[in-house]
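Below is one structure; the comments refer to it alone.
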Amino acid sequence: MNQDSAYDRERKDMVDFQIRRRGVSDRKVLKAMLKVPRHLFVPEQMRELAYGDEPLPIGEGQTISQPYIVAYMTEALRLRGREKMLEIGTGSGYQTAILAEIAREVYTVELIPELSARARGLLEKLGYRNINFRVGDGTLGWPEHAPYDAILVSAAPASVPPALIDQLKVGGKMIIPVGTDFQELVLVTRKESGWEEQRLIGVRFVPLITVH
Ligand code: SAH
């Protein structure tokens, strides 16, 4: 068996045992998780661990999220395929690729220039044409392209940044980890006036860095 088909096999097991078995059933999400070559998004010396049930370091003190959490958060947004999306915390670009497989257009913001550049290089090499990159403070969103049908945040603020709620369409959803020592995923649904919050599961993310 060559190396690529070994990774294909590991990826299929990841989807079956870590994701499907834990209850993620959205076909678009499962298809995307089966397709995106996660091993290319981790540092070269960690390729062998890429399909494990854990987050991994990606440099600059940051991490690529655990596969199950990526799938769970994506499913929570109930994407249909035509969405214009905002992602905060590009990181390795892995979650970005999953979103780009499903949504129409992805706008992704990353604070650390080196990570953004690396993710951009890889995602362009993999052929994605529906991703737009920006280096900057994601707490402020990306107002020029707002409003968005859906927003996914992969670093945890102490509370939901108001700018992100403002940039969500009425009826749109945002999934975001919130908290400091104790964090949970919050699903925000934007309403005609105001918004609704639903608390989902406990999680552990790197903090969303506050820039002044
Ligand atoms: N989804 C990424 C997870 C990266 S970890 C992946 O799968 O690889 C969270 C990312 O959020 C890090 O890359 C970190 O640099 C970034 N981040 C932290 N604070 C930020 C901020 N204020 N604005 C934008 N990105 C931020």
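Across the protein chains, with a 1.4 Å probe defining accessible surface, the residues Asp53, Asp181, Asp149 rank Asp181, Asp53, Asp149 from largest area downward.
If I build a Gaussian network model for the chain, linking alpha-carbon pairs within less than 10 angstrom, which residue out of Gln66, Gln198, Gln95 has the largest mean-square fluctuation? Maximum fluctuation in the GNM of the chain, among the listed residues, is at Gln198. The apolar share of the surface of the chain, taken as the fraction of accessible area on carbon and sulfur atoms (1.4 Å probe, ligands and nucleic acids excluded), comes to 49 percent. For Thr210 and Lys35, a Förster radius of 35 Å and the Cβ-Cβ distance give a FRET efficiency of 0.50, rounded to the nearest 0.05.
Hey, got a sec? Which GluC sites (Glu not before Pro) in segment 56-132 land in a DSSP loop and have at most 16 other Cβ atoms within 10 Å? Those satisfying the criteria are Glu60. DSSP beta bridges confined to segment 53-203 are antiparallel in about 50 percent of cases. A helix-only calculation puts the chain at -7500 deg cm²/dmol for mean residue ellipticity at 222 nm, using -39500 (n - 2.57) for each DSSP H run of at least four residues, averaged over all residues. Rolled with a 1.4 Å probe across the full set of protein chains, the surface gives Thr63 an accessible area near 70 Å². If Lys and Arg each add +1 and Asp and Glu each add -1, what is the summed charge of the other residues whose beta carbon sits under 13 Å from the beta carbon of Ile112? Net of charged neighbours comes to -1.
Given +1 at the Cβ of Lys and Arg, -1 at the Cβ of Asp and Glu and no other charges, the dipole of segment 53-203 around its Cα centre is 560 debye to the nearest 20. Residue-normalised convex hull volume from the C-alpha trace of the chain: 117 Å³ per residue. Based on protein heavy atoms only, the chain ends up with 50 Å² per residue of surface accessible to a 1.4 Å probe.
Remark: for residue pairs Lys35/Lys84; Lys12/Lys125; Lys28/Lys84; Lys125/Lys173, the C-alpha separation exceeds 27 Å in Lys125/Lys173. When segment 4-139 is described by a simple charge dipole with +1 on each Lys and Arg Cβ and -1 on each Asp and Glu Cβ, the residue from Ile69, Leu40, Val106 located farthest towards its positive end is Val106.
The values are calculated or read from the model by the stated rules, or taken from the named source; none is laboratory data. The shown structure was predicted, so the numbers you read here are calculated from the model rather than taken from an experiment. Reconstructed Cβ throughout: ideal geometry from the backbone, glycine too, with neighbour counts over all protein chains shown. Side chains are part of the model used for accessible areas, which takes the heavy atoms of the whole protein and leaves out ligands, DNA and RNA. Shrake-Rupley method; radii C 1.70, N 1.55, O 1.52, S 1.80 Å.
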